[in-house]
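Heads up: the structure comes next, in structure tokens.
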Amino acid sequence: MARKHFDRHKGRVNWEAVSQEMRLPVLGCLECFDPQQERIFPRRCPEFYEWPAEDLVALKTFTETHFQKMSVYDWELCGKYMNIDHSDCIAKMWALSKFQMTPALFDEVTEYRQAGLLWPTICRKTMCGCTADILRVVYANTNRSKVGKSKRPKAQFSISKHQHWTREEDERLIGLLSQYDTGSDIDWNFISKTIGHSKNACRYRRILLRPRLAKRRANVDTEDNFSDTDTSASSPTVTDR
């Protein structure tokens, strides 16, 4: 049934059509769905990838329509709905829920749009702290007259704390992650075996530890800059004779 309603252009199933045909709620259809049996394999769309606007809107709409607080199992259903690895859905929804449009940013984006700049360029110029797809979708769904006036809705994003992490394990995870430049080259198998938690648990913990990871990287960059300055100052000047 799912394969019948699989949209190759979008890369995911039309679950609303499946629900209507089977006369079951969407969540009920997702619970019965076996991707291996249907041979519909999830896509990898990490947070730093630019998602199609339609996918980003579908992710936000699905999570906010069906859930209040989301457990790991709920995110697995979300992954089935989007046909995207559920850990990628978590990371993207986390980034989307944390981003907030301000009046100044809205006006700046409007100015760049009127000048004909593309979204990646606008994202880089505004230094908004998110990917271009998030900036584009939030901007398109924002009313300028209401920016900054209404209370920010409570984020729907929540991860089930199904595993307890000690401070020592957090430090080990941060140390291992600092060895990788981007999220795309992380060896989760190695990290999982080293720390003793599952790969998914390590991925989820990385999301929660992002503020500390960012602070650590900033400190390392500062130390490197000081080191370069000291080296330059202490190096002897070679002159031609």
Query - Single residue of region 179-189 satisfying the filter (among the polar types (S, T, N, Q) and within 18 Å of Asn200 (Cα to Cα)) that is surrounded by the fewest Cβ atoms within 10 Å (Cβ to Cβ) - result: Thr182
Query raised in the report: Would a scan of region 20-39 turn up a residue that is free of Cβ contacts under 8 Å to residues at least 60 places away in the same chain, outside the structural domain of Trp188 (by TED's automatic domain parsing) and within 28 Å of Asp185 (Cβ to Cβ)?
Result: yes
Report task. Report, by residue number, each residue of region 176-198 that is within 17 Å of Pro46 (Cβ to Cβ), at pLDDT 85 or above and of a type in the set (D, E, K, R). Result -> Asp187
Query raised in the report: Taking into account only those residues within region 87-129 that are of a type in the set (S, T, N, Q) and not in a helix (DSSP H, G or I), which is modelled with the lowest pLDDT?
Result: Gln100
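For (1) over 30 Å from Cys123 (Cβ atoms); (2) touching a Lys or Arg at 6+ places or on another chain (Cβ under 6 Å), each residue gets a yes or a no:
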position	(1), (2)
Met22	yes, no
Pro25	yes, no
Cys32	yes, no
Pro35	yes, no
Glu38	yes, yes
Pro42	no, no
Phe48	no, no
Thr61	no, no
Trp75	no, no
Query raised in the report: So which pairs qualify, if the first residue must be in region 207-220 and within 13 Å of Ser178 (Cβ to Cβ), the second must be surrounded by 13 or more Cβ atoms within 10 Å (Cβ to Cβ), the Cβ gap must be under 7 Å, and the two must be at least 6 apart or on different chains?
Result: Leu209/Asp170; Leu209/Leu173; Leu209/Ile174; Arg212/Ile174; Leu213/Ile174; Leu213/Leu177; Arg216/Ile174
Query raised in the report: If only one of Ala53, Ala17 is farther than 26 Å from Ser184 by Cβ and surrounded by fewer than 17 Cβ atoms within 10 Å (Cβ to Cβ), which one is it?
Result: Ala17
Report task. Residue by residue through region 68-86, note down the ones that are modelled with pLDDT of 90 or more and of a type in the set (Gly, Ala, Ser). Result -> Gly79
Query raised in the report: If you scan region 179-206, which residues turn out to be in contact (Cβ under 8 Å) with a residue 24 or more places away in the chain and under 18 Å from the mean Cα position of the chain (by Cα)?
Result: Thr182, Gly183, Ser184, Asn200, Ala201, Cys202, Arg203, Tyr204, Arg205, Arg206
Report summary line: Every listed condition ((1) assigned to a helix (DSSP H, G or I); (2) in contact with a helix residue (DSSP H, G or I) (Cβ under 8 Å, 6 or more places away or on another chain); (3) within 21 Å of Arg206 (Cβ to Cβ)) holds for Val57 save (3)
Query raised in the report: Hey, among the residues in region 139-174 that are small (Gly, Ala, Ser) and surrounded by 11 or more Cβ atoms within 10 Å (Cβ to Cβ), which one's modelled with the highest pLDDT?
Result: Gly148
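The values are calculated or read from the model by the stated rules, or taken from the named source; none is laboratory data. Bear in mind the structure is a predicted one, so any value in this text is a computation, not a measurement. So basically every Cβ, Gly included, is an ideal-geometry build from the backbone, and we count neighbours across all protein chains shown.
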